[in-house]
Amino acid sequence: MSRLRGLWAEARPVVAVPLGAVVLAMIVASVVALLSSFFTEAGFDPSLPFKVFVGLFGGAFGGLDHIVNTLVNATPLVLAGLAVGFGFKAGLFNIGAQGQFLLGAVAAAGVGAALNEAPPPLAIGAAVSAGTLAGAAWGFIPGALKAWTGAHEVVTTIMLNFIGASLVAFLVLNLLQAPGFSFARTGDLGNAALPNAGFLSADLGRLHLGILLALLAVPAVWWLLYRSTIGFEVRTVGANPDAARYAGMRPGLLIIFTMTASGLLAGLAGATEILGTSHYMIASYGTSVGFDSIAVALLGRSHPVGILFAALLFGALRAGAGPMQLEAHVPSELVDVIQAVILLFLAADLIVRRLFRLRQAKRGIEAVETATETYGRKLVT
Amino acid sequence: MDDETGALPEGAPALEMRRITKRYPGVLANDEIDLDVRPGEIHALLGENGAGKTTLVNILYGLAAPDEGEILLDGRPVRIASPSDAIAQGIGMVHQHFMLVPVLTVAENIILGDETMTGLVFVDRDEARRRIRALAQQFGFDIDPEARVETLSVGVQQRVEILKALYRQVRILVLDEPTAVLTPQETEEIFAVLRRLAAEGHSIIFISHKLYEVLSIADRITVIRRGKVVGSRVPAETSEEELAELMVGREVQLSVDRGESHPTEPILRVANLRVRDDRGREVVRDVGFEVRAGEILGIAGVAGNGQDELVQALTGLRRPSAGKVLMAGRDVTGASARHLGGAGLGYVPGDRQRFGLVLSFPLDDNLVLTSYHRQPFARGFVRDEAAIDAWAEKAIARFDIRAPSATVLESTLSGGNQQKTVVAREFSRDLKVLILDQPTRGLDVGSIEFIHKLTIAKRDAGAAILLVSAELDEVLELSDRIGVMYRGEIVSISDGSTANREEIGLLMATGGRESGEGATLERAG
């Protein structure tokens, strides 16, 4: 018990604000739901917030298939969240996870379809590699631009998101379009599709290998950040670029490395999503993973473990949205409200601290401020 | 503001702080501190860093709220909740780091936040200028209200800060370490200003850790240690030794015994070095010197005369535009920081928080900041946590770093312990050359003593040490030879044992051009 309390004392300064933001977002969502009930035929329903959260929770965790759904939704968020969080650690705001995700997705879809009759290990290996490499390349570009010319990564990654989306459309409509379908899409994956747990039970059919990859990526990124000299350099550049230069590190190279690694993770997210869940790519692939992952990284305080939990929360919200709409008759977009409000409270963390009277020990302030500094500064400039 | 204050009988305090107590988590920053300041008095607050001086004046200036205690002005209790309250009550503060806008003029800076308006929209600049001129004249300041602040010297900028307070009609002026950035001559000038202010009835609270300054300027000295007042003295009845002992709580050796140096062959040789700053201006001009193994070469100079760029060029942070740097016979001109570190260069940077440390990292990571990539702290690119832990424990013990554990964040340590972190790291390397840039800036007496002793020990162990400092006292105390840097040039190099404080001060201020004394010193070097 006392050890548990010690652990909490250790974690509280870092965890308190994200937790508070989530709680506040749920309160705001409740109020929104209550207000919205005035305008429905059913009329004002004071118990609506309760129904909303019962619906959400049931939809996310109420049964094996629901839990699988949560995990499947969380998987790309874990990987892309790690991508954005890794960038934050170096003081870089990679808004380009969206584009890197799309490039990873289309590369995996294309290579997977081309090798759909190759032996599964080869087909999968090649498709996953193609996706990660494409994402990495799409991350390398803004990294190199920043290191060599000083172009700000926020600007270049936003532009590369548009270019990436157009490139995907071009590839799917031209080079990769498979014949025999009523719409433009890539070919069947065949042997390149990620294996799933469907052989155990029909409920587990969507539980694909990518989930395992995401779970492995969490300790891998943690190890890279906290147990390797490269991670130490990345974190030093992010926390104090002047000290990094003083210590003989090379910020330019580290920026390129970080953006490339970040793109690689986002590309991996795109690849696993295609190979495990979507199974083909279309010209106007709709996803918000690239942007949700920014919220995930912020909520997770850029720490791999925090990102895992934040991604699970967002995955659960996504999984629970449909069932909530059915049960509480509240539009599933309420989930977007919750996500957006979480982000707002994270950005304005002073509100959270005031409301919950979070008197921070010095240690905590530092930990929190480093994170705030990381994205706050980048948002402004 | 209140003309009657001058009429108060001598001794009735203008300001009284009674039983001020301030707790921070885990620290009692102020423990029932009593302080009274009389009209026309210069009252020095003396104490080590972290003793609670700054907390006390922050409470007075409304930057912190006391947990207990009260503040009385002219015998009336007042509540000061913010700096604007403080100013309204006639209390002004000049911070150690000036709060001026460089691109604005003196007048604009002074009226900023307290603008006299004509109508609702326009600032009455003429009225402001008139008042500033009158004030400057009254107190004998030689200041052009139309000059842009960035063109002024540090000493003049400080006077602008004082004027800013006087413009707001303060009667009690707090100065936080006002002489830290000044030359001896500028210090004398500012002292003259302060004496004049006091003669006009202003009360002055003067925070310092320089003992001889406190003795020369103050009417009374209050010494604070660990949040408590440990004594109050009148300069005539005390000495530097007594004050130091009060401050630190034990007997202190005020100046290290430098001993004889036994220099051998030159290790660091610099020839015809030219360096440009970020704006492309040549700020180091044709500088040449050598530092021999086993000696300390001190470079004195007012901050901003090219020392920063010189040090950056020698430590791989800036490429020189011309010239040569040789280390142990090898050409290292323009070599990277990593390369120089490997070749035996240790470097304690002047701005430890900006360059020397990562404050949001734990202590142990900071102790390996420049050696994390080397054996035994890393194998390949894998960190060896056990080796880092073991070294951290050793360094904490050997360099007396006061920290609850090796994993506390560097930002939670005091300035002295932060600097000891840097010193522990850099002094423990396999050194040929050691470059120290302001190694004791802002530190308490105890830490200064410790770092000075270590520096001498490193010298005697055969390191070639280059000490760059704007603190003339430090250069005089440690250096075997002293160079003076003025406008990018080393205008003289003289023998440390015969150097004269006033001559060096004059060289710092004028470069020796006008007086010709530089030539004498050059021969001495």
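Readers should treat all values here as calculations from the given coordinates under stated rules, not as data from a laboratory. Keep in mind that what you see is a predicted model, and the values were worked out from it rather than measured. Every residue, glycine as well, gets a Cβ built from its backbone with ideal geometry; the counts of neighbours run over all protein chains shown.
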Legend entry - For chain B, alpha-carbon Rg relative to the globular expectation (2.2 N^0.38 Å, N residues): 1.03
Legend entry - Partner chain coverage, peptide B:366-373 - average Cβ within 10 angstrom: 4
Inset, instruction - Within segment B:133-168, list the GluC sites (Glu not before Pro) lying in a DSSP loop whose Cβ has at most 16 other Cβ atoms in a 10 Å radius. - result: B:Glu146
Inset, instruction - Please give the contour-minus-distance gain from B:Leu112 to B:Glu68: 0.36 nm per residue of separation, less the Cα-Cα distance, rounded to one decimal in nm. - result: 12.5 nm
Inset, instruction - In whole angstrom, note down how far apart the Cα centers of segment B:312-388 and segment B:60-120 are. - result: 43
Inset, instruction - For B:Ser405 paired with A:Val31, estimate the spin-label separation in nm (one decimal), with each label point 7 Å from Cα along the Cα-to-Cβ line. - result: 4.1
Inset, instruction - Would you mind counting up the charge near A:Ser278? Only other residues with Cβ under 13 Å from its Cβ, with Lys and Arg at +1 and Asp and Glu at -1. - result: 0
Legend entry - segment A:52-345 pair-distance distribution - Cα-Cα, 10 Å bins, rounded %: 7, 28, 34, 23, 7, 1, 0
Inset, instruction - Find the Rg to Rh ratio for segment A:246-339, where Rh is the Kirkwood radius over alpha-carbon pairs and Rg uses the same atoms. - result: 1.09
Inset, instruction - Measure up B:Lys22/B:Lys394; A:Lys89/B:Lys53; A:Lys146/B:Lys432; B:Lys53/B:Lys453; B:Lys324/B:Lys458; A:Lys146/B:Lys394 against 32 Å on the Cα-Cα distance and list the ones that go over. - result: B:Lys22/B:Lys394; A:Lys89/B:Lys53; A:Lys146/B:Lys432; A:Lys146/B:Lys394
Legend entry - Helix-derived mean residue ellipticity, 222 nm - over chain B, DSSP H n ≥ 4, -39500 (n - 2.57), to 500: -9500 deg cm²/dmol
Legend entry - Most mobile listed residue (A:Leu189, A:Leu71, A:Leu19) in chain A, GNM with C-alpha springs under 10 Å: A:Leu19
Inset, instruction - Sort out the exposed loop trypsin sites (Lys or Arg not before Pro) in chain A (DSSP loop, at most 15 other Cβ within 10 Å) and tell me the longest stretch that has none. - result: A:1-356
Inset, instruction - Place +1 on the Cβ of every Lys and Arg and -1 on the Cβ of every Asp and Glu in segment B:105-169, take the dipole about the Cα centre, and give the residue among B:Gln157, B:Gln138, B:Asn109 whose Cα lies farthest towards its positive end. - result: B:Gln138
Legend entry - Whole-Å semi-axes of segment B:105-169's equivalent ellipsoid (Cα gyration tensor): 20, 13, 10
Inset, instruction - Give me A:Leu212, B:Leu359 ranked fewest to most by other Cβ atoms within 10 Å of their Cβ, as a rough exposure proxy. - result: A:Leu212, B:Leu359
Inset, instruction - Give the calculated FRET efficiency between B:Val234 and A:Gln177 to the nearest 0.05, with a Förster radius of 60 Å applied to their Cβ-Cβ distance. - result: 0.05
Legend entry - Low-density loop cleavage sites - GluC sites (Glu not before Pro) in segment B:170-252, where at most 14 other Cβ are within 10 Å (DSSP): B:Glu200, B:Glu251
Legend entry - Within chain A, longest stretch clear of exposed GluC sites (Glu not before Pro) (DSSP loop, no more than 11 other Cβ within 10 Å): A:118-332
Inset, instruction - Scan chain A and hand back the longest stretch that contains none of the chymotrypsin sites (Phe, Trp or Tyr not before Pro) lying in DSSP loops with at most 13 other Cβ atoms within 10 Å. - result: A:184-381
Legend entry - Order of A:Thr75, B:Thr407 under a 10 Å beta carbon neighbour criterion, fewest first: B:Thr407, A:Thr75
Legend entry - Rg followed by Dmax, in Å, when the protein assembly as shown is reduced to its Cα trace: 32.6, 104
Legend entry - Neighbour cut-off at most 12 other Cβ (10 Å), DSSP loop, trypsin sites (Lys or Arg not before Pro), segment B:264-328: B:Arg279, B:Arg281
Inset, instruction - Quick one: dipole size for chain B, taken about the Cα centre, charges +1 on Lys/Arg Cβ and -1 on Asp/Glu Cβ, in debye to the nearest 20. - result: 1700
Inset, instruction - Could you check which residue among A:Gly43, A:Gly315, A:Gly164 shows the biggest mean-square fluctuation in a GNM of chain A with a 10 Å Cα cutoff? - result: A:Gly43
Legend entry - Order of B:Val27, A:Val14 under a 10 Å beta carbon neighbour criterion, fewest first: B:Val27, A:Val14
Legend entry - Charge dipole magnitude, Cβ of K and R +1, D and E -1 - segment B:105-169, Cα centre, debye nearest 20: 160
Inset, instruction - Over the whole of B:379-390, what's the average partner chain Cβ count within 10 Å per residue? Rounded to a whole number, please. - result: 2
Inset, instruction - Between B:Ala88 and A:Ala347, take the C-beta separation as r, use R0 = 45 Å, and let me know the FRET efficiency to the nearest 0.05. - result: 0.80
Legend entry - Volume per residue of the C-alpha convex hull in segment B:266-524, rounded to whole Å³: 125
